[in-house]
Amino acid sequence: MRFDILTLFPGMITTPLQESILGKAIQKGLIEIRATNIRDFSEDKHRTVDDTPYGGGQGMVMKVEPIARAIEGIKSQSPSARTVSLTPQGKPFDQQRARSLSSEPHLILLCGRYEGVDERVRELFVDEEISIGDYILTGGELAAMVVIDAVARVLPGVLGSERSAEEDSFSNSLLEYPQYTRPYDFRGNRVPDVLLSGNHGAISLWRRKEALKRTWMRRPDLLAKAGLTEEDRELLEQIRQEHGQRT
Ligand code: 4GY
């Protein structure tokens with residue numbers, strides 16, 4: 001899968017994404033990440049990419065022409081590439097969206113700066129706007145990296161053959177159960193004995209219950225859309241009783 005990032009700060013993008021799992025995915029040829037400087041598509045001698053807002057107001061707005069030329073350049077080589085803009089005005093990004101974007105062969109990620117991007121860019125060139133959360137960043141770059149990381153992670157082969165993204169939290173709409181490794185006792189804080197029991201049935205049941213407990217306590221909104229089994233409902237009833245009948 002290919003990712004083209006359009007940004008005024010290409011140096012922010014490439015180096016961090018070359019570490020660890022995504023770095024290996026690049027080396028294996030599973031993903032290709034290219035950052036393009038929008039300024040390279042400005043045609044005036046000052047390499048202008050922004051201007052003052054029509055109607056007045058503070059700050060600068062990114063101009064349509066350099067972005068149009070950058071997108072058209074990529075699309076002339078790859079007509080089916082899908083253009084995504086990162087903005088707080090977009091649809092909330094989640095695991096489901098990460099999975100659906102992972103079936104695209106080529107994404108163009110547009111990163112705005114300053115007060116935003118001329119609206120005609122959205123109207124003429126953007127297929128979809130995505131928000132990574134209800135807060136305002138100084139630019140779309142970090143959001144684009146979040147999207148790339150989450151999308152690349154679910155591609156076949158990226159996590160390695162021994163582990164699939166299907167098994168983890170959010171694929172089943174629950175938070176993860178707690179994990180432990182050695183030592184068994186850290187300053188009097190011991191690992192739950194069931195995890196040392198060798199009883200795989202008991203371990204699975206404990207983990208499921210802990211996942212349900214965490215989700216119930218921290219993210220009850222997720223429980224509503226989780227596909228709960230009859231056993232899950234019984235575990236939740238136990239959890240409610242153990243916590244003195246809340247909700
Ligand atoms: N939140 N989710 C976000 C963001 C910065 C002004 C447009 C977000 O995705 N992007 O905060 N982006 C803004 C800054 C121009 C992008």
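The values are calculated or read from the model by the stated rules, or taken from the named source; none is laboratory data. None of these values were measured; they are calculated from a predicted model. For neighbour counting, all protein chains shown are included, and Cβ atoms are generated from backbone atoms with ideal geometry for every residue, glycine included. Accessible surface is based on the protein model in full, side chains and every heavy atom, while ligands, DNA and RNA are left aside. Shrake-Rupley method; radii C 1.70, N 1.55, O 1.52, S 1.80 Å.
What does DSSP give for the range 1-122 in terms of the percent of beta bridges that are antiparallel, rounded to the nearest 5? Antiparallel: roughly 10 percent of the beta bridges in the range 1-122. Looking at the range 42-81, the pairs of alpha carbons with a distance over 12 Å make up 65% of the total. On full extension, the segment bounded by residue 103 and residue 77 gains 7.5 nm, given 0.36 nm per residue less the C-alpha separation.
What whole-number value in Å² describes the accessible area per residue of the range 1-159 for a 1.4 Å probe? I get 53 Å² per residue for this part. Please check the chain for the longest run free of GluC sites (Glu not before Pro) that are loop-located per DSSP (anything but H, G, I, E, B) and have at most 11 other Cβ atoms within 10 Å. Looking at the chain, 44-161 is the longest stretch - no exposed GluC sites (Glu not before Pro) with at most 11 other Cβ atoms within 10 Å.
Other residues within the sphere of radius under 13 Å centred on the Cβ of residue 10, judged by their own Cβ, net out at 0 (K and R +1, D and E -1). In vacuo Debye scattering of the range 147-222, one point per C-alpha: log10 I(q)/I(0) at q = 0.13, 0.22, 0.25 Å⁻¹? Taken in order of the listed q values, log10 I(q)/I(0) reads -0.56, -1.08, -1.12. Tell me whether the range 66-172 comes out rounded, prolate or oblate; compute the Cα gyration tensor, take square roots of the eigenvalues as a ≥ b ≥ c, and use a/c under 1.5 as the rounded threshold. Oblate is the answer for the range 66-172, as a/c is 1.5 or above yet b/c matches or exceeds a/b.
Averaging over all projection directions, the Cα-based convex hull of the chain occupies 18.9 nm² in the image plane. Mean-square fluctuation check for the chain, GNM, Cα pairs under 10 Å: which of 96, 27, 77 is largest? Result: 77 has the largest fluctuation of those listed.
Taking 143, 165, 226 as the candidate residues, the one with maximal mean-square fluctuation in a Gaussian network model of the chain, Cα springs under 10 Å, is 226.
Summing Cβ point charges (Lys, Arg +1; Asp, Glu -1) relative to the Cα centre of the chain gives a dipole of roughly 580 debye. Across the accessible surface of the chain, with the other protein chains kept in place and a 1.4 Å probe, carbon and sulfur atoms take up 49 percent. Based on the Stokes-Einstein relation at 4 °C and a viscosity of 1.567 mPa s, and on the Kirkwood radius from alpha carbon pairs, the range 110-247 is assigned a translational diffusion coefficient of 68 µm²/s.
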